[in-house]
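Enquirer: Structure in structure tokens, see below.
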Amino acid sequence: MENIGIVNNGRCASSCAIFTTTMVKKEGVRIAVVGGRQLMPQQYTGTVGGQSTSFTVLDSEIKSTLLKKHALAPPDFIGNAYQGLTWRLGFGLKNPSNPEEFENHQATDAFPLTVDTVNRPEALWKDLTKRWWPNLQ
């Protein structure tokens, strides 16, 4: 597994979070977060659960089944808002008594976006390859 690296933007959730957390914590692969605030440690994942969705999707399901007027149906958001929801929260790989979401998921590397790399994934990979595998030609 020493030749595997994962790159993401830190907004990894649901199945992505389960996969990356397992690969990093159990298999020891390297992971880089692209973007984010410079000089600040970046987390490679957020919501670790079997199914993550948003209020918009849930609300759409409620409306499509004509249950919006039900007493337990949530009200519509007023304004520009976002709310994420997680079903089947995953428990910790290293600490099974804690939800994995509560654990630290600091990336091996934080890779700031620059003018040279913003829309060029090959430039990101070239730089990370030099950092992670300096003897690779």
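Enquirer: Where does the chain land at 222 nm, in deg cm²/dmol rounded to the nearest 500, when only DSSP H runs of n ≥ 4 count, each adding -39500 (n - 2.57), divided by all residues?
Expert: -7500 deg cm²/dmol
Enquirer: To continue, here is another question. Residue by residue, what Karplus-based ³J(HN,Hα) values in Hz, rounded to whole numbers, does the range 107-121 have, using 6.51, -1.76 and 1.60 with θ = phi - 60° and x for Gly and Pro?
Expert: These are the phi-based 3J(HN,Hα) values: 5, 4, 9, 10, 10, x, 6, 10, 4, 6, 10, 4, 10, 10, x Hz.
Enquirer: I've got another one for you. Mind grabbing the accessible area of THR108 for me, 1.4 Å probe, Å², rounded to tens?
Expert: 80
Enquirer: Check the straight Cα-Cα distances from LYS25 and name the aspartates and glutamates below 18 Å, setting aside those fewer than 8 residues away within the same chain.
Expert: GLU2, GLU100, GLU101, GLU103, ASP109
Enquirer: Among the lysines, which have Cα under 19 Å from the Cα of LYS26 when same-chain residues fewer than 8 positions away are ignored?
Expert: LYS94
Enquirer: Using the Karplus curve 6.51 cos²θ - 1.76 cosθ + 1.60 with θ = phi - 60°, work out ³J(HN,Hα) for each residue of the range 54-60 in order, rounded to whole Hz, and write x for Gly and Pro.
Expert: 10, 4, 4, 5, 4, 4, 4
Enquirer: Still on this structure, please answer the following. Note down the relative contact order for the chain as a percent, whole number, built from C-alpha pairs under 8 angstrom at least six residues apart.
Expert: Relative contact order of the chain: 28 percent.
Enquirer: Next question. Show me the trypsin sites (Lys or Arg not before Pro) within the range 24-79 that DSSP assigns to loop and that have at most 16 other Cβ atoms within 10 Å of their Cβ.
Expert: Sparse-neighbourhood loop trypsin sites (Lys or Arg not before Pro): LYS26, ARG37, LYS68, LYS69.
Enquirer: Within the range 1-97, list the GluC sites (Glu not before Pro) lying in a DSSP loop whose Cβ has at most 13 other Cβ atoms in a 10 Å radius. Mind dumping the intermediate values first?
Expert: Numbers: sites: GLU2, GLU27, GLU61; in loops: GLU2, GLU27.
Filter output for the range 1-97: GLU2, GLU27.
Enquirer: I've got another one for you. Explain nothing, just compute: Karplus ³J(HN,Hα) = 6.51 cos²θ - 1.76 cosθ + 1.60, θ = phi - 60°, for every residue of the range 13-19 in order, whole Hz, x for Gly and Pro.
Expert: These are the phi-based 3J(HN,Hα) values: 9, 6, 4, 4, 5, 5, 5 Hz.
The values are calculated or read from the model by the stated rules, or taken from the named source; none is laboratory data. Keep in mind that what you see is a predicted model, and the values were worked out from it rather than measured. Cβ sites come from the backbone with ideal geometry, for glycine too, and all protein chains shown count toward neighbours. Ligands, DNA and RNA are excluded from the accessible area calculation, which covers all protein heavy atoms including side chains. Shrake-Rupley method; radii C 1.70, N 1.55, O 1.52, S 1.80 Å.
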